[in-house]
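Everything on this sheet refers to the single structure shown next.
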């Protein structure tokens, strides 16, 4: 019985196991070691070694799987935190948008009010300009009458 060699045992007849014509090989994954079931059953050392290596491989596989799981879990936790941050940011933006939408009617009303005030000021300015033009037109006659009045007052004092 040589280690690392694979031997095939075929059941040519029906031995009651229901395994007619099927290879019966014990295999240690990732080690390249193959034993037939007959070798395992006949030799206790081979059986113990086979079981030990199978258990060691199973433990190694479990640890590798655990490492992969922990890495995937950490990545998932990071993604969940990032998603929560994004949800919070979206919530804040939605609240800000809602506030801005609520301010739109107020802004429109303010705009209308400012337009009305502007129109009133323009009308008042036009009235003021017309009054100023009238006063300007009357200014020479007013100045003349003022000069006359001043002279009359001067004459009265003398």
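Please work out the ratio of the alpha-carbon Rg of segment 46-113 to 2.2 N^0.38 Å and round it to two decimals.
Ratio of Cα Rg to 2.2 N^0.38 Å: 2.65.
Maximal additional length on extending the residue 149-residue 61 stretch stands at 19.6 nm, based on 0.36 nm per residue less the C-alpha distance. Against the empirical 2.2 N^0.38 Å (N residues), segment 102-152 has a Cα radius of gyration ratio of 2.18. Distance between the 7 Å Cα→Cβ label points at residue 85 and residue 131: 6.5 nm. Each principal axis of segment 49-158 carries a Cα extent, and these read 147, 31, 18 Å when sorted largest first. Under the simplified labelling scheme, the residue 138-residue 98 pair shows an inter-label distance of 6.3 nm, with each label point 7 Å from Cα along Cα→Cβ.
A short reminder: the numbers here are calculations on the coordinates, not readings from a lab. All of these numbers come straight from a predicted model, not from anything done at the bench. We place every Cβ from the backbone using ideal geometry, glycine too, and count neighbours over all the protein chains shown.
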